[in-house]
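Worksheet: the structure to be examined is printed underneath.
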Amino acid sequence: AGGLKLLEELVSQESESLWLAPAKIQIARGLRERGEIPESKRRLEELLPALPDAWKGEALLQLGLTEAAAGNKEAAQQRFRELEVDYPASAAADRLAEERGKLAMTAPALSAAEQLRQADRLFEAKAYTEALGAYDAVLQRGAESNAVARVKKGECLYALRRYGPSLPYLEPGAGVPADLARSALLHRGMSLLRSGDEAGSVAQFEKVQS
């Protein structure tokens, strides 16, 4: 209790500190652990919208644990789902399976749209290996988002310098947004070049310019 009080005093004195966000999350966690569950939940809910993305995953994990401590397992699963879909590259996401296990919770299946969102967030975080697996999961479902997922799989392969395997996926079809299609075609040209097909690369770049 004394440590939590000291932490709150430091937060009040250091309003511009870089560690302010994790400190506030830790305070809310400490409140939950000493049984002040409604106050912990209130603080986390107020804190969450203004947090930088780097700390939202941790806040969602702690909020889910707080909901579970209050007996609200459905609400806890919703927070865990937000973490899993929107912040899959966070350290909190890495601990999610363990925390669910402690609560005897299973992970509900994600929809195709949620899987695509998760894959996109991994790609944005430059977690290309993990994103590649996530895009594969979308493609295996035969979802409507296949055209986009297929091209983004190619972008992952390109980012991982797997130029040859990326080629069939970097040929965008119908339903792919123009900016993504252009990026894919440019990267396809670069993949051809790096695979030793200079003529094919030149033809690809000419196609992009036309």
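The values are calculated or read from the model by the stated rules, or taken from the named source; none is laboratory data. This one's a predicted model, so the numbers in the text were calculated from it and none came from an experiment. Cβ placement follows ideal geometry from the backbone for every residue including glycine, while neighbour counts extend to all protein chains displayed. The accessibility values were calculated without ligands, DNA or RNA, using every heavy atom of the protein model including side chains. Shrake-Rupley method; radii C 1.70, N 1.55, O 1.52, S 1.80 Å.
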| What number of residues in the stretch 61-76 are open to solvent by 40 Å² or more (accessible area, probe 1.4 Å) and in a helix (DSSP H, G or I)? | 3
| query | For Ala112, all conditions in the list (1) within 18 Å of the chain's Cα centre (by Cα); (2) at pLDDT below 90; (3) on the phi > 0 side of the Ramachandran plot hold save one; what is the number of the exception? | reply | (3)
| query | Before we move on, is Lys41 among the basic types (Lys, Arg), surrounded by 17 or more Cβ atoms within 10 Å (Cβ to Cβ) and within 30 Å of Asn146 (Cα to Cα)? | reply | no
| query | Of the conditions (1) surrounded by fewer than 17 Cβ atoms within 10 Å (Cβ to Cβ); (2) modelled with pLDDT under 95, Ala149 fails just one. Which one is it? | reply | (1)
| said: Taking the conditions exactly as written (in a helix (DSSP H, G or I) and touching a Gly at 6+ places or on another chain (Cβ under 9 Å)), does Val138 satisfy them or not? | reply: no
| How many of the residues making up the stretch 185-210 are touching a Gly at 6+ places or on another chain (Cβ under 6 Å) and assigned to a helix (DSSP H, G or I)? | 4
| task | Could you identify the single residue in Leu103, Leu160 that is hydrophobic (A, V, I, L, M, F, W, C), touching a helix residue (DSSP H, G or I) at 6+ places or on another chain (Cβ under 7 Å), under 24 Å from Leu61 (Cα atoms) and surrounded by fewer than 17 Cβ atoms within 10 Å (Cβ to Cβ)? | result | Leu103
